[in-house]
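Read through the structure below, which is laid out as structure tokens, and then see the notes.
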Amino acid sequence: MDLIIKNGTIVTEKEMFKGDIAVKDGIIAAIGSDLSDIPCKNVVDATGKLVLPGAIDAHTHLAMPFGGTISADGYYAGTRAAACGGTTTVFDFALQDFDEKMIDVVKRRDALAAPEAAVDYAFHIGVKDVHGELLDSMKEAVEFGVPSFKVFMVYDFGVTDGVFYQVLEKAKEIGALICVHAENNEMVNTLVAKYSAEGKGDAWHHYMSRPEFVEAEADFRAISWAKSLNAPLYIVHLANKKGVEYVTKAKEEGYKIYAETCPQYLNFTCEVYKREDGRNFVCSPPMKGQESQDALWEALKRGDIDTVATDHCPFQQSEKDWGKDDFRKIPNGCAGVENMYPYMLAKANAGEISFMKVVEVCSGNPARIFGCTQKGGLIVGKDADIVIYDPEKDFTVTCENMHSDYDHTIWEGTQLHGYPVKTFSRGRLVYEDGEFKGEPGWGKLVKRKLSQ
Ligand code: DUC
Ligand code: ZN
Ligand code: ZN
């Protein structure tokens, strides 16, 4: 064996038990109550610690051109930070150029990611253009191992309702899954213009331009179209209560409607936009009110929200400052890739949710929904993506102890009881006690096939 992790409490989606895990060639080779008889040079003692599967962050924007700049974390910094927060796979959004075939989007972004990634990665393709043969070109990407696509209902690169419908229909035909950023574009534009004309440029009016109903109405439409086609749909970064209700209803009716939320929506409300540094929290959709936050937690606990992912898209302070007096100029996005698993696990450590639930929403479910058969759990035969977590370690997040390239974080000062102390990516140590131990280029593209 190459590695044995002994005496820890192993956490799966269904149970927690004391045991050992043995790793050979990057794969989990054995799990048992006592593997002492197996010869191994590298034995890690996890007494008093939890042993968990690495998290899968199904939503990042690394090196993404957006808002007049490029997000602060490239593929190296973003995956380095992921490793240090116990995330061993990231799904990045590769945004299509106009007139670009879907497979070429993957190849273009993979040329950037492959030499840099420190943990494994996958892509969703952000669809902009389906004219001519481009719609049909989705099939080639699915066959290559990229069977998920995202449409934006907002932004200048967003798609029309008609294109969204065509993409959903094509996805149904070829066995792909469509992810959607759901907000009502017309409403956003109208409210942004109104508040700007009134001279209301503070961060609070970013929220006021995209309040609860702006997101909820788009959730409703997106779900309606998916239902009419009986096509599966994954709603990214769900942040509002009504949207949760629409998802719950669709699930009850038997439709494959999946929902993701993000740690920023679980931890912050729209009150942050009243802060002096409110612009740093500007992302879309924005944080919502307390009722929405409560609804997100409840839906997560009862299984109507399937996954937690980050929408990691940090920008530097100087870029956020472009919009000090005019929220329209603030690049949208916040940090999260290093914070998601520690935050969720600290909630479990505090008894607010179970560790098994955290494993389900941060690892098992994203692996199942997006067809990562070799990831998503501590199971013999899967990749040895393993996190050792010390439930007694106290940790305060500061920009300095994070491993990204950004210069500020919305998580500054967050106190966590319990923290990851080691991360293994396919059996290789990539993080230990506050220090990154990995290397660029280690991460591999995860090719996927959906099970539907
Ligand atoms: N929202 C953000 O805040 N940033 C990146 C893209 C998005 O949809
Ligand atoms: Zn989005
Ligand atoms: Zn996003």
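The values are calculated or read from the model by the stated rules, or taken from the named source; none is laboratory data. Please read these numbers as outputs of a predicted model, since none were measured by experiment. Glycine also receives a Cβ, built like all others from the backbone with ideal geometry; neighbour counts cover every protein chain displayed.
Structural remarks
- Boolean, residue 93 is within 16 Å of ligand 1 (Cβ to nearest atom) and modelled with pLDDT of 95 or more: yes
- Residue 448 surrounded by 20 or more Cβ atoms within 10 Å (Cβ to Cβ), under 22 Å from residue 35 (Cβ atoms), modelled with pLDDT of 95 or more and not polar (S, T, N, Q): no
- Within region 158-186, the residues that satisfy the criterion of being among the hydrophobic types (A, V, I, L, M, F, W, C) and within 16 Å of ligand 1 (Cβ to nearest atom) are 159, 164, 178, 179, 180, 182.
- Residue list for region 107-134, filter: of a type in the set (Gly, Ala, Ser) and in a loop (DSSP other than H, G, I, E, B): 114, 117, 118, 132
- Members of region 131-179 found to be surrounded by 15 or more Cβ atoms within 10 Å (Cβ to Cβ), of a type in the set (Gly, Ala, Ser) and on the phi > 0 side of the Ramachandran plot, listed by number: 145, 175
- Residue within region 142-155 that is modelled with pLDDT under 95 and either acidic (Asp, Glu) or within 21 Å of the chain's Cα centre (by Cα) (or both) present: yes
One line per residue, one yes/no per condition, for (1) touching a residue at least 60 places away in the same chain (Cβ under 8 Å); (2) within 16 Å of ligand 2 (Cβ to nearest atom); (3) closer than 25 Å to residue 309 by Cα; (4) assigned to a helix (DSSP H, G or I):
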site	(1), (2), (3), (4)
136	no, no, no, no
141	no, no, yes, yes
146	yes, no, yes, no
154	yes, yes, yes, no
163	no, no, no, yes
171	yes, no, yes, yes
178	no, yes, yes, no
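- Test for residue 359: is it assigned to a strand (DSSP E or B), crowded, with 24+ Cβ neighbours inside 10 Å and under 18 Å from the mean Cα position of the chain (by Cα): no
- Consider region 50-67 and keep the residues that are away from ligand 1 (no atom under 12 Å from the Cβ) and surrounded by fewer than 24 Cβ atoms within 10 Å (Cβ to Cβ). The one that is farthest from residue 338 (Cα to Cα) is 50.
- Any hit, region 91-106, residues being closer than 30 Å to residue 51 by Cβ, more than 16 Å from ligand 3 (Cβ to nearest atom) and assigned to a strand (DSSP E or B): no
Residue by residue, here is whether (1) closer than 23 Å to residue 64 by Cα; (2) not in a loop (DSSP other than H, G, I, E, B) holds:
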site: 381; (1), (2): no, no
site: 390; (1), (2): no, yes
site: 394; (1), (2): no, yes
site: 402; (1), (2): yes, no
site: 405; (1), (2): yes, no
site: 408; (1), (2): yes, no
site: 424; (1), (2): no, yes
site: 440; (1), (2): yes, no
site: 448; (1), (2): yes, no
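- Filtering 349, 365, 332 for residues that are crowded, with 18+ Cβ neighbours inside 10 Å and within 16 Å of ligand 3 (Cβ to nearest atom) leaves a single hit, 332.
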